[in-house]
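Notes follow once the structure below has been shown.
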Amino acid sequence: MNDVLILGAGPAGISAALYTKRANMSTIVLHNNQSNLQKAYQIDNYYGVGKISGKDLYQKGIEQAKALSIPVFEEEVLQITEEEGFTVTTTKNVYHAKNLVLATGKYRKLPSIPGLKENIGQGISLCAICDAFFYKNKKVAILGEGEFLHHEAIILQKVTSDVTLLSNGKEEKDSISKKIENVEVSSGVVVTFEDHTKMTFDGLFLAYGVSDIDTLSSTLGIMKEKNFIKVDENNQTNIPGIYACGDLTGGTLQVAKAVYEGMNAALAIIKKEGKK
Amino acid sequence: MKVIEITKENYQKEIENAEGKIFIDFYADWCMPCKRMSPIVDQIAEENPDVKFVKVNIDENEDLARTYGIMSIPTFVYMEDGAVVSKKIGMMPKEELMNLIKK
């Protein structure tokens with residue numbers, strides 16, 4: 001069991017890792033190499049670094065962590081569960097930790113298809129494990145991408161054999177890749193594609209990764225406030241042992257704020273675990 | 001007031017044939033968000049003695065879940081005199097859940 005597992009290798013995640021590692025806590029960082037920071041062309045206003053591209057700053061952070069022998073792994077997270085600590089399953093491994101730091105940024109993966117977000121909970125679900133119960137032997141579709149799409153398909157195939165994979169314009173194995181124009185809920189979930197053809201399902205599951213805020217809320221029961229994760233003065237969420245920092249908690253979306261919150265969460269964990 | 005656990009034996013009395021204000025919490029033991037919301041529901045129940053609060057375990061009451069069109073949990077349903085007035089789904093702060101029973 002690790003002391004700390006950190007999801008996200010941007011300023012918030014790496015900042016947290018530097019503090020917990022230096023307090024002799026076993027620390028692992030996982031990321032998917034899709035940080036918003038990498039998209040920043042040039043950063044002029046971050047203290048001590050001068051002009052730097054977002055991509056270079058991101059890499060510098062990871063190198064700094066590795067120099068302290070902090071494992072930083074690029075792995076897609078498929079599932080997070082809680083039972084005597086937290087278990088994080090990725091495409092390659094299963095990790096256990098007493099504390100979890102969520103620092104995955106504001107990368108919005110859910111596609112902006114009309115009718116999607118509005119109907120979550122009314123035929124559209126963000127969590128196969130949570131809602132598969134309601135679709136036994138029914139006709140379902142999963143809209144998503146990557147390993148996560150297939151991971152959620154396996155869960156649904158345990159309750160029904162009628163599972164269709166949709167990938168909205170992306171090429172994914174065994175899926176219908178046509179782009180979707182809109183989704184309506186009326187006597188089922190009606191998916192209209194850009195070629196005007198339609199398919200109707202009893203339910204539609206979204207599979208764009210666990211680190212989406214709405215998905216975290218659905219699966220782990222993390223409290224949101226508007227579009228951000230709600231945290232206290234220690235950057236702890238409503239779940240003891242789970243912390244959130246950086247862009248995930250909203251406010252000023254800046255590197256300096258993310259670095260501070262990563263440190264803040266780490267210091268809270270260090271104090272809680274009685275380390276120095 | 002304490003939250004009443006619904007069973008096959010009491011659901012007719014407590015929900016179907018009941019009048020007045022009823023708040024129903026549809027949940028399952030394996031549902032993490034349901035566990036987080038449960039203490040919030042208990043608090044709201046204490047503060048609103050004029051409303052009857054009940055909880056329905058969907059594993060044990062599948063038919064009831066289907067009758068109310070439950071497609072995700074937690075789902076909270078507010079009824080007055082036998083009719084569904086409003087519904088809310090998922091995780092939310094106490095203030096937002098309270099809106100379900102406020103006029």
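Computed from the coordinates by the stated procedures, all read-outs in this text should not be read as laboratory data. Since we're looking at a predicted model, the values are computed, not measured. Positions of Cβ are generated from backbone atoms using ideal geometry, with glycine treated the same way; all protein chains shown enter the neighbour counts.
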Inset, instruction - Grab the beta carbon distance between A:Asn227 and A:Thr200, set R0 = 30 Å, and tell me the FRET efficiency rounded to 0.05. - result: 0.50
Inset, instruction - Set Lys and Arg Cβ to +1 and Asp and Glu Cβ to -1, take the dipole of chain A about its Cα centre, and tell me which of A:Thr90, A:Gly54, A:Asn264 lies farthest positive. - result: A:Asn264
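With a Förster radius of 41 Å, plug the Cβ-Cβ distance of B:Asp63 and A:Gln64 into 1/(1 + (r/R0)^6) and report the FRET value to the nearest 0.05.
Details: r = 58 Å, r/R0 = 1.41.
Plugging the Cβ-Cβ distance into 1/(1 + (r/R0)^6) gives 0.10.
Taking every residue in B:69-77, how many Cβ atoms of other protein chains lie within 10 Å of its Cβ, on average? Intermediate results must be reported in sequence, preceding the final value.
Working: counts 3, 4, 13, 14, 6, 3, 2, 0, 0.
For peptide B:69-77, the averaged partner shielding equals 5.
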Inset, instruction - Read phi for every residue in the range A:111-125 and hand back ³J(HN,Hα) as whole Hz from Karplus 6.51 cos²θ - 1.76 cosθ + 1.60, θ = phi - 60°, with x for Gly and Pro. - result: x, 8, 9, x, x, 7, 5, 4, 9, 5, x, 10, x, 10, 10
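Using the structure shown, select from A:Lys92/A:Lys173; A:Lys178/A:Lys230; A:Lys224/B:Lys55 the pairs with a Cα to Cα distance greater than 27 angstrom. Before the final figure, lay out each step's value.
On the way: A:Lys92/A:Lys173 19 Å; A:Lys178/A:Lys230 36 Å; A:Lys224/B:Lys55 23 Å.
Correct reply: A:Lys178/A:Lys230.
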Legend entry - Over chain B, relative contact order from alpha-carbon pairs under 8 Å, at least 6 apart, %: 36 percent
Legend entry - Distance histogram for chain A (every C-alpha pair counted, 5 angstrom bins, percent rounded to whole numbers): 1, 6, 13, 16, 17, 15, 12, 9, 6, 4, 1, 0, 0
Legend entry - Distance between modelled label sites at B:Glu47 and A:Ser53, nm, 7 Å Cα→Cβ extension: 5.2 nm
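Under a point-charge model restricted to the Cβ atoms of Lys and Arg (+1) and Asp and Glu (-1), what is the dipole moment magnitude of the protein assembly as shown relative to its Cα centre, in debye to the nearest 20? Walk me through the numbers on the way to the answer.
Values: 44 positive and 51 negative charges, 251 e Å.
In total the dipole reaches around 1200 debye.
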Inset, instruction - Calculate how steeply helix A:255-272 sits against the longest principal axis of the alpha-carbon atoms of chain A, using the helix alpha-carbon long axis, and give the answer as 0 to 90 degrees to the nearest 10. - result: 80 degrees
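Considering every residue in A:68-81, what mean count of other chain Cβ atoms within 10 Å of its Cβ is obtained?
Numbers: counts 0, 0, 0, 0, 0, 0, 0, 0, 0, 0, 0, 0, 1, 1.
Mean partner shielding for this stretch: 0.
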Legend entry - Dimensions (Å) - chain B, Cα atoms, principal axes, largest first: 31, 30, 22
Legend entry - Table column - 3J(HN,Hα) (Hz), the range A:187-200, Karplus curve with 6.51, -1.76, 1.60, x for Gly and Pro: 6, x, 9, 9, 9, 9, 8, 5, 8, 6, 6, 10, 9, 10
Inset, instruction - Please give the average number of partner chain Cβ atoms lying within 10 Å of the Cβ of each residue in B:29-38, rounded to a whole number. - result: 5
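Report, in debye and to the nearest 20, how large the dipole of the range B:4-98 comes out about its Cα centre when Lys and Arg carry +1 and Asp and Glu carry -1 on their Cβ.
Numbers: 11 positive and 19 negative charges, 61 e Å.
Here the size comes out at about 300 debye.
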Inset, instruction - Would you mind working out the magnitude of the charge dipole of the range A:166-276 relative to its Cα centre, with +1 at each Lys and Arg C-beta and -1 at each Asp and Glu C-beta, to the nearest 20 Debye? - result: 580 debye
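With the Cα gyration tensor of the range A:117-207 in hand, give its eigenvalues times 5 under a square root as the equivalent ellipsoid semi-axes, listed largest first in whole angstrom. If you can, show how the numbers build up before the last one.
Values: eigenvalues 65, 51, 24 Å².
One finds semi-axes of 18, 16, 11 Å for the range A:117-207.
For the range A:157-267, which semi-axes, largest first and in whole Å, follow from the square roots of 5 times the eigenvalues of its Cα gyration tensor?
Largest first, the range A:157-267 gives 37, 16, 13 Å.
Given N residues in the range A:202-269, what is its alpha carbon radius of gyration divided by 2.2 N^0.38 Å?
On the way: Rg = 13.0 Å, N = 68, 2.2 N^0.38 = 10.9 Å.
This ratio for the range A:202-269 stands at 1.19.
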Legend entry - Among A:Gly115, A:Leu102, A:Val183 the positive-end extreme of the charge dipole of chain A (Cβ point charges): A:Leu102
